[in-house]
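Peer 1: Input: one structure, supplied below.
The values are calculated or read from the model by the stated rules, or taken from the named source; none is laboratory data. Fair warning: this is a prediction, and the values are worked out from it, not measured in the lab. We place every Cβ from the backbone using ideal geometry, glycine too, and count neighbours over all the protein chains shown. For the accessible areas, the whole protein counts, side chains as well, though only heavy atoms, and no ligand, DNA or RNA atoms are used. Shrake-Rupley method; radii C 1.70, N 1.55, O 1.52, S 1.80 Å.
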Amino acid sequence: MTVQYNSVGSGAGRENLIAGASDFIGSDAYLDEEERAAVVDTCGDGGAYHIPVYISPVAVPYNLPGVDGLQLKPDTLAQIMNQDITVWNDPAIAEDNPDAELPDTEITVVHRSDDSGTTENFMEYLSAAAPDSWPHEADAAWPVQGEAAAQNTGVIQVINDNEGTIGYADASVVTGQAAAVGVGDEFVDFSPEAAAKVVDASEPADTGVEGDMALELARDTTESGAYPIVLVSYHVACSAYDDAERANLVKDFLAYVVSEDGQATAAEAAGSAPISESTRERALELIDTIQGG
Amino acid sequence: MSKRIDVNDLDIYYGDFHAVKDVTMTIEPRSVTAFIGPSGCGKSTFLRTLNRMHEVIPGARVDGEVLIDGQNLYAKGVDPVDVRRQVGMVFQRPNPFPTMSIKENVLAGVRLNSKRMSGKAADELAERALRGANLWNEVKDRLDKPGAGLSGGQQQRLCIARAIAIQPEVILMDEPCSALDPISTLAIEDLISDLKTDYTVVIVTHNMQQAARVSDKTGFFNLKATGQPGELVEYDSTQTIFNNPREKATEDYISGRFG
Amino acid sequence: MTATPTPARRQPSSAKPVRRPGDLFFSSASIGSATIILLTLAGVAVFLLIEALPALTAPADEVSGGAGFAGYVWPLVVGTVVASLVAMVLATPVAVGIALFVSHYAPRRLGQSIGFVIDLLAAVPSVVFGMWGMSVFAPRLVPLYEWLEQNLGFIPLFADASTSGRTLMTASIVLAVMILPIITAVSREVFLQTPSLHEEAALALGATKWEMIRTAVLPFGMPGVIGGTMLGLGRALGETMAVAIILSPGIFTWNLIGSGNNTIPAEIALNFPEAAGLRLSELIAAGLVLFVITLAVNLFARWIVDRRAEFSGAN
Ligand SMILES: Nc1ncnc2c1ncn2[C@@H]1O[C@H](COP(=O)(O)OP(=O)(O)O)[C@@H](O)[C@H]1O
Ligand SMILES: [Mg+2]
């Protein structure tokens, strides 16, 4: 037997799991209530397990020559993204960056032109951390008209090509400057460790499945050194399979993915942050409870 | 309207190939002059030098002079476009413009030369040219139909109408009947006899009866041997050429003992 | 050319016509191929229709944009058609000019080299055009767009200049470059086919070179040029990657020199990877609309060519 990995979007993946076309899937979001109700048909009454496997910080890259180490509080960032702040020397930005010489350049916000989990995650962060400044509901499509580019790499390309730009992109592709984001009273740069920290600080989501590891990410955390804009990818597998061999195969594969080895491989290939030791232990325990036959 | 042509020491080349050698002759106005001779001896080539169509072929050139009423066509500063407006040409295969109607075909040359013309003037000119080419009665009801829809003989007369519509001084015809049936051929021959009242007509033909029927003077071209340039062997009144040629080669060719 | 009937060399009328094996083979092979093409086309149409149905019948507020499928797709249709038409209008005169130069003006050698270089352009992958268009070409157009805004800004098409240059206009210009080789190649071939009989007819009437081209070459080549243009238009209508990379898409606007708008193929290429459920159906329905547009364009081209068939010289 072999594991065949089909590359489709998260939404299509979740559909496949529910339809029984895939034995387990990867997804940027945990199953919503409707999907959880539906997945019972294929996975049995125990439902599906979410196992966090990849943690990717979402960075806030910008291009503003002469301004290094830009710092942005969540509200300032949200107002920039919503185009309520339109020039770089706006007082709100100046307050976050007391030492910087801000030019009066116009701000160009660069967003994803394709539907994307990164966009949805970033918007979730804005909604949670700056609810007063960000009026939009999280969605895979960006809600504000601005400069748009395809994929993370396209966003970075446009930002690098054009002065006065700022945007959001998976941290692994960032090649220039990225803003430090306000957390509590300090500003935190993105890093694998800072991203893993926010995962540890997050509460489990209530999926109604015993021991499930779906997370209610603590976007508004004030924990020191945690970077709150992260995208957590789960592998979603059934809690029970009707075929023991299948169950063992899934367990083996998942165990490898969360192992130090698997995480290191992923970090190298995709630039994701490794999960912490405590997360790994809990994940292995959960994987072990998957039943077959 | 009709003009005299003097050719002096004309040599004609295709690149390095010397096609026709040292032609000197005088073509009289208001007459029909015919060129006969075996295939490949340079009749078409020579004819095309009389309106500078020869040089359209890449690498083609001439040496010598062609005077029309004393004006050298090949003098410096003479625009071949002007020459061709004075010296019209009819080709071996009828070649009306396929995308144009009968009337547009007749007026094609005029439209190039004089930019504007009233609708009435255009109609009159088309009628005059078509009458001049003995075609009017056959096409007057379908002037807006495509010219390519006519029979071969009608197409050739359409081409003659197109040529005379720009009122040239000279009309050159290169085997104008070779692609036509006998009845159409007769129609064109009649037309040629009519045309000489107004134009200087020069015609190439491989048909000796035709030359005898329509022409006033005849030139006989020949090759000494293959690979050698063609030459004008004898040039005289058609009477003389056919009844009493000076040269043996001419006599052989006329009597069918040759070529 | 007139199709001359083959000389009657008839057998006595009682004898049946002989079916030679070669004829039989080729006629069944060509009928078979034609059938396969039609079946494939019909299959694609049916597939698109079935997959598109959920989006076509979904309640208006569930479709992206919340205004039903028609509300979702019409800006994309306008964007697609505008980008392709602008590309065609820009590319066709240039292509015809190059084709004429190569076929009638340039010395043989030079003409062949230029033809070769233009053909090479067709081999450049569209992603490369996209990257070049976005990073190199778009920024260089910004001054032009600013000039247009300042001087022609009262025209809605030039209302507001983009600072990055990644606009529908830029995408159209790059599309024009991409379809240039197709139109040039087809035009060059038909121009070279012009019977020298017709060219000489024009020259002998005292036509200058350009007049000869106008009276003999262009009318003769027109159906071919139209055909090439339609091939180019088809390519422009279906181009995904270049537009997806160059254009900064967004909501519909008549402003061609700012960000905004999108084309159907780019919309599909961008969003297909993440699409599921109704969103997927929307994208496929958009693809169906594109299919219909392309079909309409081809029928229109056919109609144009047929309208003058009597005068085509091919009778
Ligand atoms: N376009 C051309 N290029 C090179 N040689 C040519 C061309 N046309 C004719 N010739 C040569 O010139 C010579 C005369 O040809 P042509 O004038 O057509 O003869 P005719 O009309 O008397 O049959 C022939 O040897 C022929 O091969
Ligand atoms: Mg000849």
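Peer 1: Once the Cα atoms of segment A:58-193 are picked out, what are the Rg and Dmax in Å?
Peer 2: 13.4, 37
Peer 1: Right, next: Using only the Cα atoms of segment A:1-134, construct the convex hull and provide its projected area averaged over every direction, in square nanometres to one decimal. Show your work: numbers first, answer last.
Peer 2: On the way: hull surface 44.4 nm².
About 11.1 nm², averaged over all directions.
Peer 1: Could you report the buried accessible area between A and C, both sides summed, computed with a 1.4 Å probe and given in Å² to the nearest 100?
Peer 2: Buried: approximately 1600 Å² between C and A.
Peer 1: So, one more: Hey, what's the Cα Rg ratio for segment C:134-259 versus the globular rule of thumb, 2.2 N^0.38 Å?
Peer 2: Working: Rg = 19.8 Å, N = 126, 2.2 N^0.38 = 13.8 Å.
Here the Cα radius of gyration is 1.43 times the empirical estimate.
Peer 1: Moving to a separate point now. Across segment C:196-204, in residue order, what do the Karplus-derived ³J(HN,Hα) couplings come to in whole Hz, using 6.51 cos²θ - 1.76 cosθ + 1.60 with θ = phi - 60° and x for Gly and Pro?
Peer 2: These are the phi-based 3J(HN,Hα) values: 5, 3, 6, 5, 5, 4, 5, 4, 5 Hz.
Peer 1: Taking the Cβ of A:G292 as the center, what net charge do the other residues with Cβ under 15 Å away carry, scoring Lys and Arg +1 and Asp and Glu -1?
Peer 2: -4
Peer 1: For segment C:48-97, treating each Cα as an identical point scatterer without solvent, what Debye log10 I(q)/I(0) comes out at q = 0.28, 0.29 1/Å?
Peer 2: The Cα Debye sum returns log10 ratios of -0.97, -1.00.
Peer 1: Moving on to the next point. Can you tell me the 0 to 90 degree angle between the C-alpha axis of helix B:182-195 and the longest principal axis of chain B, rounded to 10?
Peer 2: That helix lies at roughly 90 degrees to the long axis.
Peer 1: So, one more: For a protection proxy built on the mean count of beta-carbon atoms within 10 angstrom, sort C:67-78, C:172-183 highest first, please. List each step's numbers first, then the result.
Peer 2: Details: C:67-78: 17.2, C:172-183: 24.7.
Those peptides, ordered most packed to least, come out C:172-183, C:67-78.
Peer 1: According to the square roots a ≥ b ≥ c of the eigenvalues of the Cα gyration tensor, what is the shape class of segment C:91-166, taking rounded for a/c under 1.5, prolate for a/b larger than b/c otherwise, and oblate for the remainder? Walk me through the numbers on the way to the answer.
Peer 2: Numbers: a/c = 3.68, a/b = 1.86, b/c = 1.98.
Oblate shape, in that a/c is at least 1.5 and b/c is the bigger or equal ratio.
Peer 1: Additional query: Mind giving me the FRET efficiency for A:E216 and A:T153? R0 is 25 Å, r the Cβ-Cβ distance, nearest 0.05 is fine.
Peer 2: Working: r = 30 Å, r/R0 = 1.21.
My answer for the efficiency is 0.25.
Peer 1: Net charge within 15 Å of C:G287 by Cβ-Cβ distance, Lys/Arg positive one each and Asp/Glu negative one each, not counting C:G287 itself? If you can, show how the numbers build up before the last one.
Peer 2: On the way: positive: C:R279; negative: C:E51, C:E239, C:E267, C:E282.
Counting the neighbours of C:G287, the net charge comes to -3.
Peer 1: Measuring with a 1.4 Å probe in the full set of protein chains, what accessible area per residue, in whole Å², belongs to the protein assembly as shown?
Peer 2: Values: 40120 Å² over 867 residues.
Accessible surface, normalised per residue, equals 46 Å².
Peer 1: Taking N as the number of residues in segment B:5-254, what is its Cα Rg relative to 2.2 N^0.38 Å?
Peer 2: Working: Rg = 18.2 Å, N = 250, 2.2 N^0.38 = 17.9 Å.
Ratio of Cα Rg to 2.2 N^0.38 Å: 1.01.
Peer 1: Give me, ordered by chain and number, the residues 5 or more places off B:I203 or on other chains with an amide H under 5 Å from its own placed amide H.
Peer 2: B:T33, B:A34, B:F35, B:M173
Peer 1: Does segment B:144-228 come out rounded, prolate or oblate, given a ≥ b ≥ c as the square roots of the eigenvalues of its C-alpha gyration tensor, rounded meaning a/c under 1.5 and, failing that, prolate meaning a/b above b/c?
Peer 2: Prolate, since a/c reaches 1.5 and a/b exceeds b/c.
Peer 1: In whole Hz, with x marking every Gly and Pro, tabulate ³J(HN,Hα) for segment A:274-284 from phi via Karplus 6.51 cos²θ - 1.76 cosθ + 1.60, θ = phi - 60°.
Peer 2: 3J(HN,Hα) across segment A:274-284, in whole Hz: x, 6, 7, 4, 5, 4, 4, 4, 5, 5, 4.
Peer 1: Next up: What list of ³J(HN,Hα) values in whole Hz, one per residue of segment A:123-138 in order, does the Karplus curve 6.51 cos²θ - 1.76 cosθ + 1.60 (θ = phi - 60°) give from phi, with Gly and Pro shown as x?
Peer 2: The phi angles translate into 5, 4, 4, 4, 4, 6, 8, 9, x, 6, 9, 10, x, 9, 7, 4 Hz.
Peer 1: Grab the DSSP H runs of the protein assembly as shown that are 4 residues or longer, score each as -39,500 (n - 2.57), total them, divide by all residues and round the 222 nm result to the nearest 500 deg cm²/dmol. Mind dumping the intermediate values first?
Peer 2: On the way: 32 runs with 408 residues, N = 867.
Helix-only estimate at 222 nm: -15000 deg cm²/dmol.
Peer 1: Something else about it: Among DSSP beta bridges whose residues both lie in the protein assembly as shown, state the antiparallel percentage, nearest 5.
Peer 2: Values: 51 of 80 bridges.
Percent antiparallel among DSSP bridges in the protein assembly as shown is about 65.
Peer 1: What order do you get for B:83-94, A:147-158 when each peptide is scored by the mean count of other beta carbon atoms within 10 Å, highest first?
Peer 2: Packing proxy ranking, top to bottom: A:147-158, B:83-94.
Peer 1: Quick one: which residues, 5+ away or cross-chain, put their amide H under 5 Å from the amide H of A:A214? H built at 1.01 Å from N.
Peer 2: Result for A:A214 returns A:H50, A:A205.
Peer 1: What fraction, in whole percent, of alpha-carbon pairs in segment B:1-133 exceed 24 Å separation? If you can, show how the numbers build up before the last one.
Peer 2: On the way: 3499 of 8778 pairs.
Percentage above 24 Å: 40.
Peer 1: Sticking with this structure for a sec: Would you please state the base-10 log of I(q)/I(0) at q = 0.05, 0.07, 0.09 1/Å for the protein assembly as shown, with intensities from the Debye formula using one equal scatterer on every alpha carbon?
Peer 2: Each listed q maps to, in turn, -0.50, -0.75, -0.96.
Peer 1: Among the residues of segment C:202-221, which ones have their accessible area go down by 40 Å² or more when all the protein chains sit together, as opposed to their chain alone (1.4 Å probe)?
Peer 2: C:L203, C:A204, C:L205, C:G206, C:E211, C:T215
Peer 1: Let me ask another. Please determine, in degrees from 0 to 90 and to the nearest 10, the orientation of helix C:278-307 with respect to the longest principal axis defined by the Cα atoms of chain C, where the helix direction is its Cα long axis.
Peer 2: 40 degrees
Peer 1: A further question on this structure: Taking each residue in C:250-260, count the Cβ atoms of any other chain within 10 Å of its Cβ, then average. What number comes out? Walk me through the intermediate numbers first.
Peer 2: On the way: counts 8, 1, 0, 1, 0, 0, 0, 0, 1, 6, 3.
Per residue, the average neighbour count from other chains is 2.
Peer 1: Provide the packing ranking of B:165-176, C:22-33, A:257-268, i.e. peptides ordered by the mean count of other C-beta atoms within 10 Å per residue, highest first. Spell out each step's value before the answer.
Peer 2: Values: B:165-176: 23.2, C:22-33: 10.0, A:257-268: 15.6.
Ranked by mean Cβ neighbours within 10 Å, highest first: B:165-176, A:257-268, C:22-33.
Peer 1: Here is a follow-up. Nothing charged except the Cβ atoms of Lys and Arg (+1) and of Asp and Glu (-1): what's the magnitude of the dipole of chain A about its Cα centre? Round to the nearest 20 debye.
Peer 2: Working: 10 positive and 53 negative charges, 125 e Å.
Roughly 600 debye, rounded to the nearest 20.
Peer 1: Now, a different point. At the nearest 100 Å², what buried accessible area, both sides summed, do you get for B and C when the probe is 1.4 Å? Can you show the working numbers first?
Peer 2: On the way: alone 12150 and 18210 Å², together 28160 Å².
Its buried surface, counting both partners, is about 2200 Å².
Peer 1: Same structure again: Can you give the three extents of the C-alpha atoms in chain A along their principal axes, from longest to shortest, in whole Å?
Peer 2: Over chain A, Cα extents along the principal axes are 67, 33, 33 Å.
Peer 1: So how tilted is helix A:10-19 from the main axis of chain A? Cα-based, degrees 0 to 90, rounded to 10.
Peer 2: With rounding to tens, the tilt is 20 degrees.
Peer 1: Over all Cα pairs of segment C:84-308, how is the pair count split among 5 Å bins, expressed in % and running from 0 up to the last occupied bin?
Peer 2: 1, 7, 12, 15, 16, 14, 13, 10, 6, 4, 2, 1, 0, 0
Peer 1: How shielded is C:239-247 by partner chains, expressed as the average number of their Cβ atoms within 10 Å of its Cβ atoms?
Peer 2: Working: counts 0, 0, 1, 0, 1, 6, 7, 2, 4.
For this peptide, the per-residue mean of nearby foreign Cβ atoms is 2.
Peer 1: Only counting protein heavy atoms at a 1.4 Å probe, give the residues of segment B:53-98, ordered by number, whose accessible area falls by 20 Å² or more when the other protein chains are present relative to the chain alone.
Peer 2: Checking the loss per residue gives B:M53, B:V56, B:V81, B:R84, B:R85, B:F91, B:R93, B:N95, B:F97, B:P98.
Peer 1: Counting only protein heavy atoms, what percent of the accessible surface of chain C is carbon or sulfur at a 1.4 Å probe? Numbers along the way, then the final one.
Peer 2: Values: 11350 of 16240 Å².
C and S fraction of accessible area: 70 percent.
Peer 1: Scan around B:M89 for amide H atoms under 5 Å from its own, H built in the peptide plane at 1.01 Å from N, and keep only partners 5 or more places away or cross-chain.
Peer 2: It is B:L172, by chain and number.
Peer 1: At a 1.4 Å probe, what is the % contribution of carbon and sulfur to the accessible area of segment B:93-133?
Peer 2: Values: 940 of 1880 Å².
Of the solvent-accessible surface of segment B:93-133, carbon and sulfur hold 50 percent.
Peer 1: Looking only at chain A, where both bridge partners belong to it, what percent of the DSSP beta bridges are antiparallel (to the nearest 5)?
Peer 2: Values: 26 of 36 bridges.
Bridges in chain A are about 70 percent antiparallel.
Peer 1: On to the next question. Please compute the average number of Cβ atoms from other chains found within 10 Å of each residue's Cβ in peptide B:99-105. Spell out each step's value before the answer.
Peer 2: Numbers: counts 13, 4, 2, 0, 0, 2, 1.
The shielding value for this peptide is 3.
Peer 1: Further question: Would you work out which of B:A133, B:G109, B:Q92 lies farthest towards the positive end of the dipole of segment B:88-137, given +1 charges on the beta-carbon of Lys and Arg and -1 on that of Asp and Glu, about the Cα centre?
Peer 2: B:G109
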